[in-house]
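Down below is the structure, laid out as C-alpha cells.
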C-alpha cells in the first residue's frame, strides 16, 4: 500500500474508540489522544480472532464507513490483512446486527460467535489483489452470500447490505499515523476539528472526492 492511500477509523458519537473490558464496553482511546500521540491503539476483540485495529481503506468503490464520524489518516505501515467487508458477515450467526448500539449491553455475547470454516478465502494480504478479485460491494455481497449458503448458513437480507459498503484493513500492532482530517456531519465534529486544527468533511466520501479532483 502506497503512502498516498487514505485510511479511516470510524469513531463512536463521543469521538472515541471502544473495547470490551469485563464484558462491558469501555473507552479505549479518544480522538484527542489519537491526534496528540499520532497513534491508534488496538481495540477490537471479537469472533475468536486476535486483538486488532480495524480500519477502512478509501477507494472509488469504498467511500463509506461503518459510523457517521471518525478520523482520516495516512500511515507508512502495511495492513496485516484485509477483508472486503465487515468480518461479522463471516461469523456463525444467522441474526447479524448492523447497528451495534442495538446490542450494546450484549456485545460480549455477539462478539463470541466464531468464524465459519473456510473464511480465509476472503482474507487478503494485498489491497490491490483484493480489488482485482472483489472490485465492488455488489460483487462482495454476492460472494459472501454464496459462501454462507455453501456452508449451511443463512443468506443475508438486503437490509444488511451496509456491511459490505466498507472494507476492513486489519493491523495487529498499535499504528503510527499522520492525522489528515475528521469527518462527520454533526456540529460537534466541526468543533472538535477546529480544536485539533484539522480539516473537517461531512463524510469520508466528500473527502475522497475532493482528493480525486486535486490529483
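The values are calculated or read from the model by the stated rules, or taken from the named source; none is laboratory data. Given the structure is predicted, the values throughout are model-derived calculations rather than measurements. Positions of Cβ are backbone-derived with ideal geometry, glycine not excepted, and every protein chain shown enters the neighbour counts.
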Practice problem: Among the candidates 93, 43, 23, single out the residue that is farther than 16 Å from residue 207 by Cα, surrounded by fewer than 21 Cβ atoms within 10 Å (Cβ to Cβ) and touching a strand residue (DSSP E or B) at 6+ places or on another chain (Cβ under 7 Å). | Solution: 43
Exercise. Only residues that are in a helix (DSSP H, G or I) and under 24 Å from residue 75 (Cα atoms): list them for the stretch 121-172, please.
Key: 122, 127, 128, 129, 130, 131, 132, 164
Quiz item: Can you find a residue in the stretch 62-77 that is touching a residue at least 12 places away in the same chain (Cβ under 8 Å), within 26 Å of residue 152 (Cα to Cα) and surrounded by fewer than 21 Cβ atoms within 10 Å (Cβ to Cβ)?
Solution: no
Quiz prompt | Tally of residues being closer than 15 Å to residue 71 by Cα and not in a strand (DSSP E or B) across the stretch 173-183 | solution = 1
Practice problem: Please enumerate the residues belonging to the stretch 173-187 that are over 19 Å from residue 55 (Cβ atoms) and either in contact with a strand residue (DSSP E or B) (Cβ under 6 Å, 6 or more places away or on another chain) or in contact (Cβ under 8 Å) with a residue 40 or more places away in the chain (or both). | Solution: 185, 186
Quiz prompt | Residues of the stretch 27-83 that turn out to be closer than 21 Å to residue 15 by Cα and outside any loop (DSSP other than H, G, I, E, B), as a count | solution = 26
Quiz item: Of the residues 91, 63, 30, 37, which single one is more than 29 Å from residue 195 (Cβ to Cβ) and at pLDDT 85 or above?
Solution: 91
Quiz item: Among 192, 212, 170, 177, which is out of contact with any helix residue (DSSP H, G or I) (no Cβ under 7 Å at 6 or more places or on another chain) and farther than 30 Å from residue 47 by Cα?
Solution: 212
